[in-house]
Each structure stands twice: as C-alpha cells, then as structure tokens.
1. Please go through (1) crowded, with 20+ Cβ neighbours inside 10 Å; (2) under 23 Å from residue 199 (Cβ atoms) for residue 294 and return the number of the only condition it doesn't satisfy.
2. If you take the residues of region 278-290 that are surrounded by fewer than 20 Cβ atoms within 10 Å (Cβ to Cβ) and in a loop (DSSP other than H, G, I, E, B), which of them is nearest to the chain's Cα centre (by Cα)?
3. Residue 243 is checked against (1) over 18 Å from residue 39 (Cβ atoms); (2) modelled with pLDDT of 95 or more and fails just one. What number does that condition carry?
4. Looking only at residues in region 105-141 that are of a type in the set (S, T, N, Q) and farther than 22 Å from residue 81 by Cβ, which one is surrounded by the fewest Cβ atoms within 10 Å (Cβ to Cβ)?
5. May I ask you to list the residues in region 173-189 that are surrounded by 18 or more Cβ atoms within 10 Å (Cβ to Cβ) and either aliphatic (A, V, I, L, M) or closer than 30 Å to residue 252 by Cα (or both)?
6. Looking at (1) surrounded by fewer than 20 Cβ atoms within 10 Å (Cβ to Cβ); (2) within 16 Å of residue 98 (Cα to Cα); (3) touching a helix residue (DSSP H, G or I) at 6+ places or on another chain (Cβ under 7 Å); (4) not β-branched (Val, Ile, Thr), which one does residue 170 not meet, given that it meets all the others?
7. Can you tell which of 239, 223, 275 is over 27 Å from residue 5 (Cα atoms), in a loop (DSSP other than H, G, I, E, B) and among the charged types (D, E, K, R)?
8. Residue 244: touching a Gly at 6+ places or on another chain (Cβ under 9 Å) and among the acidic types (Asp, Glu), yes or no?
Amino acid sequence: MQTLPLGRSGLTTSAVVFGGNVLGWTADEAMSFRLLDRMYEAGLRTIDTADVYSRWVDGHQGGESETVIGKWFAANPSKRDGVTLITKVGSDMGQGHKDLSAGWIAKAAEDSLARLQTEVIDLYLSHWPDERTSDEETLGAFESLLKAGKIRAIGTSNRDLSQMKRAAQAAQEAGLPRYEVLQNEYNLHERAGFEGELADWCQANEVGVITYFSLASGFLTGKYRDPQAVSGSRAGMVKRYMDDRGMAILSAMDGVAEETGASHAEIALAWLRQKPGVSAPIASATSEAQLESLIRAADLVLPDEAMARLDAASAGQTAEG
C-alpha cells in the first residue's frame, strides 16, 4: 500500500491514518486488537491517538486509547518499527485548562511513553493552542524531547493561519524546531477553515496536513439523512451537517457511488486524499467491516469529473457553475 511523505518531518504516512480515538472506548480491547492486527496486515501503518482519549467517557480518565495501543505493541513487538505513531499533548487532563507549558509537556510525554510501551513517539502534536504559554516555551520543551530521542518530529492541531505563522516566526527567531505537521478539521462539508490561505501556506512551507472529522462525525457515510431519525449522542454531532448543502453533497456522493461502486465513506476519504496539500485523512473504525472500507479508501482514485461534481456540491454550486 502507498506511503507518503509527511511534510518535511522525515516521516511517512499511510494513505489513510487509523484513528485511535475509539480504542478502549467504543471498541473494547479484544476488538481493538483485531482492528490493529488487520490494519497492520493491510498496510495502514499510521496510528493517531492522544493522551486525552477517551476522558470524555464516564469513568474514564484519559489514556485509555494509548494504553490499548501499548498493550498491542507489547504483544506484537516486531510491529512497532513498522508503525508511524502519532499522539498529542495539551488537552485538559485534570489540570483545568489546555496546557502546553514546558513542565506539563515533559510530564505528559513520559506518561504517554509509559502507556504506549514504547521508547519513542514518532510524531508529537500540540493538541490545542494554549494562550497562557508562549510558543517559545512550548517549542523549547519539544526541542528537549527531540534531543533526548523521545520524539522524532513535532506538529500541531487546531490552529489557524495567524497561529501557524506566529509559531513559525517564534521557531525561526529562537532557533527552535518548527511544527512540521498540522492536523485540522477538514471534510466535504467543512472546508472554509482550511482551504485558501492556510492550505496555501502549508503547501508553500512544506507542512504536512492530516485531516480529522474526515467523515463529518459519520454524516458523510450517507447513513444519516433524516434529522428526526437521529437520536442519542450522534444527533448533536451530525445534525449540524443536515442543511441544504449537506443534502446536496450526499446527492452528489450518491451518483459517484453508483458510478464507482465505492461506499460514501470511501468517496469522502478519497476526495480528501486528492485535495492539494493533504497528506492523509484520519478515519476510525469500530468494526472489521468499517475497517475494510478504510482499507479500500486508501487505494480509491476518483475521476476528475467526480471530484469536480463533489467540489461543486460542497461549495453550494452546480457542477457547471
């Protein structure tokens, strides 16, 4: 399966990144191991997680996903070197605020390494901006981890253009490592936050881009079309996509699915993979059937005409205009 450079980080990523947010949560340990085994066997060799996964669940403290991945590495030591491992730091883990201070990063990195049962994190991301802490302090903490060999590259998540430029300037002026990867929300429905100046800046500066919410909380699977039929925790996540433009996107995807034989999820991920500047999309799976779809998406190439139709529907236009 194809691997791609991840910006100029020196790392490579598989064409689809396996989202570890569900591990130890909606996928129990046994299912998580089956998913990770199949992922590896199929050539999806990039795993994305975070220290905070899945702190939002009653009875969880955070670290559940990293712990499951660490147990899988321990059970399969020969597979660790074949995986590009991404985790994140900076979410509220009980300290009451987002935290990218040097002291917190040093502690959190050791905690993640212990849970992951590994000696090095391939790509360490600052999860959220922390306006209490200067970019220089945060990047200095990352530099210490890089020099100690505990991480291989750094990136960031949930940043806009001004924040990326500010961090890049701080790195240059202080002689510190810069963020080599950006992980932001981007999908067929949510485009404005990334496309345009931010996407152009990332390309011009060779910053790798990994997308999250690639399937718009499941809306782009095509399963959710009637707001009245969606209930529970899923309702709040997908109803925001159920506007006229969302329905037009699903309609365009219906046509592409009929023509290609691909599922809606596969089409949504392939569209992202073919967008300029995107290194790879993240997508998670809680069943083996969902994982097989992600595997197929990693090799799907959409025709130019299908890309144009999806672009137009997503922009609220006709394919001609």
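1. Status for residue 294: all satisfied but (2).
2. 286
3. Here residue 243 clears every test but (2).
4. Residue satisfying both the conditions and the ranking: 134.
5. Once the filter is applied, which keeps residues that are surrounded by 18 or more Cβ atoms within 10 Å (Cβ to Cβ) and either aliphatic (A, V, I, L, M) or closer than 30 Å to residue 252 by Cα (or both), region 173-189 yields 176, 181, 182, 183, 184, 186, 187, 188, 189.
6. The failed condition is (2).
7. Just a single option satisfies the conditions, and that option is 223.
8. It is true that residue 244 is touching a Gly at 6+ places or on another chain (Cβ under 9 Å) and among the acidic types (Asp, Glu).
The values are calculated or read from the model by the stated rules, or taken from the named source; none is laboratory data. Model, not experiment: these values are computed from the prediction. Here the Cβ is made from the backbone with ideal geometry for all residues, glycine too, and neighbour counts use every protein chain on show.
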